[in-house]
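In what follows, a structure is listed as structure tokens, so that the remarks can point back to it.
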Amino acid sequence: MQKITLQMKSFLTLISFCLLTISVSAQNFDFGKITYDDMEFDRKKIDSNANAIVLKEFGTTSIQIDDASGKLEVVHDYHVKIKIYNKEGFESANVIIPTYKDNTREELIIDIRASTFNYVGGKFVESQMDKKAVFSENRSKYTQLTKFTLPNLKEGSIIEYSYRLKSPRIFNFKTWEFQSAIPKLSSEYLVYIPGIYNYNVSLRGYQKLTDQKVELSRECLRINGAVIDCSKISYLMKNIPAFIEEDNMTAPSNFKSAIYFELSDFTNPNGGKTSYTKTWKDVDFELTSDKSFGGQMKRKDIYTSLLPSIIKNASGELEKAQAIYNYVRKQIKWNDYYGVFSEDNIKKALENRSGSVADINLNLIAALSAANLDAEAVILSTRENGNINKLYPVISNFNYVVAKVNIGDKSYLLDASEPLLPFGLLPLRCINDQGRVINLKKASYWIDMKASQKAITSYVLLGKLTNEGKIVGTLTTHTQGYAAYNKRKEINRSGSVDEFVEKLDERLPRIKILKHQIENVDSIENILTEKYEVEFTVNEGLNNKAFYMSPFFINSVSKNPFNLNDRAYPVDLGAASDERIIINIELPDKYELSEKPKDLAVGLPNNGGKYLLKTGLDGNMLSLSQVLQLNNAIYQPEEYLYLKEFYSKIIQNQKSEYLLKKAE
């Protein structure tokens, strides 16, 4: 569940079962009934740039009894008809349906039907998809993908498919996304909710419902002879714009218009009521009592004999915490699984030197506690998992846990799953809204998940221009914070420093790296320093009395990262950034600077950032000084156009060049 914010214009409604009876017109449409109007639909009516458009989409979800097992399950039927306009729209014919599975439960996709319709020789010709075209793929431990592609695609095709999903996960009912990557003419969702179930329902996103209708559906379910009525609710949205994903955003599910369901309580037909909407006091007790969470936080005994050697050189509490963090970080390798609960137990993860995020960071918490340090757990939802709905504490909405250690008047958030992360720096996947701090003895509380450091980079080029028109010199780069972390990851993926430099040389066609030296690759607490002896050609030689030369050969900005006319959701960079470039080039002769890039000072509102550029020629020394700062990790939608204009000015200015003329 995502956080419900004012910007999302969301509402929350608790379904009751004494609703006013209203007539409902929601109904599915016939498969294969393609019309001339479908084939000739003019996309200009909704989006002239659309590659494909959903002409009609209908879904219905109910709770039924499975004939084979006799257990209650959620049954969801989906049906859609899409017009394809060009080859880029063929992507809509690649269908991926995610389903949940674990050791005891599994969602099933059945009754898949899919066809492509083309207008040939004055009639509609149907190409049915072969059932053998459907295949499954495991995306993660808990997610399976059902995939298929519709056949015989052409520009102008109509595709249509339907399927049934059967799920044991009654708690979350079935989410319905009105918005997708392509625009929709009509999206309608019909739900039947038995009177024994109470769901919290939230509509999120920026689009408003066109219509919502409710009526009472009599005797929709029978359990052990008890007849149960249902609330029959239809949600309709028309003329829905495509949801455009752009860089620098958290999970699309935070912003897409969609309906979410979360079970509040269940009334047994034979009497008795079970509440699922709990207070944080309830959740605190559950977590701290759970043997896979609180039970593992308490395992200080594992580290009793190990601690003396781990902290033998540490004098104060901070040094002890750093030593313990470094030990766990190096001792247990992450197996790429997220999670809040230990998969088995933390002792086993330590012995096997492998474990999930929870195994590693619960180990860290236990070790910190064993050293008598004030350690807590922080459960959170990662950026790709979406924001947490704070109105209803639901443990399953959290998918990650990190450690928090309090030393003096400072607190440090730690994630030992990443071997290249320095103490106190979380991976950007964790920088998402707020996390919940879980303490074994105190009430839990919210904490902002903010980046503790900026991404800081500086480049200094000291060079000489030769008579052959080449610049030779030394380029020194210093990186800190997230910039250093990302660079270290890149070096690690390359296999070695030499291979990293070789790939870097290939990516820089204008610059040839002659020698290299990289310091503090493994000393992750220190500044990462790269020194390169470089050579690159700027002109064909100095026989010409005048020549142009661009000074923007280090991290030039050639493409605006903000291309939309407006944006309805925040720009989330994860962390603030600071980049500085200094270039000093000694010229062999006396030159005059006839043209040069305009000195520039551009700022974002409310001290949100700045770009400073100064170039010049002093004697025979050609110089450039450039600063690009983004002071905020998050920029609100109303600041988007300022960012766009900010980068437009930078790009326009960086098209300029030096024009150097030999002095007479």
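The values are calculated or read from the model by the stated rules, or taken from the named source; none is laboratory data. Only a predicted model underlies this, so the values are computations on that prediction, with no experimental measurement involved. Please note: Cβ atoms are built from the backbone with ideal geometry, for glycine as well, and neighbour counts cover all protein chains shown. With ligands, DNA and RNA removed, areas are computed over all heavy atoms of the protein, side chains included. Shrake-Rupley method; radii C 1.70, N 1.55, O 1.52, S 1.80 Å.
See the values below:
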| read-out | value |
| --- | --- |
| Residue match in segment 568-580 (condition: without any contact (Cβ under 8 Å) to a residue 40 or more places away in the chain and part of a loop (DSSP other than H, G, I, E, B)) | no |
| Some residue of segment 518-528 being within 30 Å of residue 617 (Cα to Cα), more than 27 Å from the chain's Cα centre (by Cα) and either buried (at least 19 other Cβ atoms within 10 Å of the Cβ) or in contact (Cβ under 8 Å) with a residue 24 or more places away in the chain (or both) | no |
| Residue list for segment 263-300, restricted to those being in a strand (DSSP E or B), open to solvent by 50 Å² or more (accessible area, probe 1.4 Å) and touching a residue at least 40 places away in the same chain (Cβ under 8 Å) | 267 |
| Subset of segment 52-97 that is in contact with a Lys or Arg (Cβ under 8 Å, 6 or more places away or on another chain) and in a loop (DSSP other than H, G, I, E, B) - its residue that is surrounded by the fewest Cβ atoms within 10 Å (Cβ to Cβ) | 66 |
| Pair list, Cβ < 6 Å and 6+ apart or interchain, from segment 71-95 residues that are over 17 Å from residue 169 (Cα atoms) and touching a residue at least 24 places away in the same chain (Cβ under 8 Å) to residues that are polar (S, T, N, Q) and open to solvent by 30 Å² or more (accessible area, probe 1.4 Å) | 79/28; 85/51; 86/51; 88/51; 89/51; 93/149; 94/149 |
| Segment 430-450, residues that are touching a residue at least 40 places away in the same chain (Cβ under 8 Å), surrounded by fewer than 19 Cβ atoms within 10 Å (Cβ to Cβ) and out of contact with any strand residue (DSSP E or B) (no Cβ under 7 Å at 6 or more places or on another chain) | 440, 443, 450 |
| Strands (runs of 3 or more DSSP E) fully within segment 138-232 counting 2 or more residues that are touching a Leu at 6+ places or on another chain (Cβ under 9 Å), open to solvent by 20 Å² or more (accessible area, probe 1.4 Å) and modelled with pLDDT of 90 or more | 158-167, 184-194, 211-223 |
| Looking only at segment 98-131, and only at residues there that are basic (Lys, Arg) and under 29 Å from the mean Cα position of the chain (by Cα), the one that is most open to solvent (accessible area, probe 1.4 Å) | 105 |
| Tally, over segment 517-569, of residues that are of a type in the set (Lys, Arg) and more than 24 Å from residue 628 (Cβ to Cβ) | 1 |
| Lone qualifier among 406, 389, 361 - being assigned to a loop (DSSP other than H, G, I, E, B) and either farther than 13 Å from residue 447 by Cα or open to solvent by 10 Å² or more (accessible area, probe 1.4 Å) (or both) | 389 |
| Looking only at segment 107-118, and only at residues there that are part of a strand (DSSP E or B) and touching a residue at least 60 places away in the same chain (Cβ under 8 Å), the one that is farthest from residue 188 (Cα to Cα) | 117 |
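For every residue, the table says whether it meets (1) among the β-branched types (Val, Ile, Thr); (2) part of a loop (DSSP other than H, G, I, E, B); (3) under 31 Å from the mean Cα position of the chain (by Cα).
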site: 588; (1), (2), (3): no, yes, no
site: 624; (1), (2), (3): no, no, no
site: 628; (1), (2), (3): no, no, yes
site: 642; (1), (2), (3): no, no, yes
site: 652; (1), (2), (3): no, no, yes
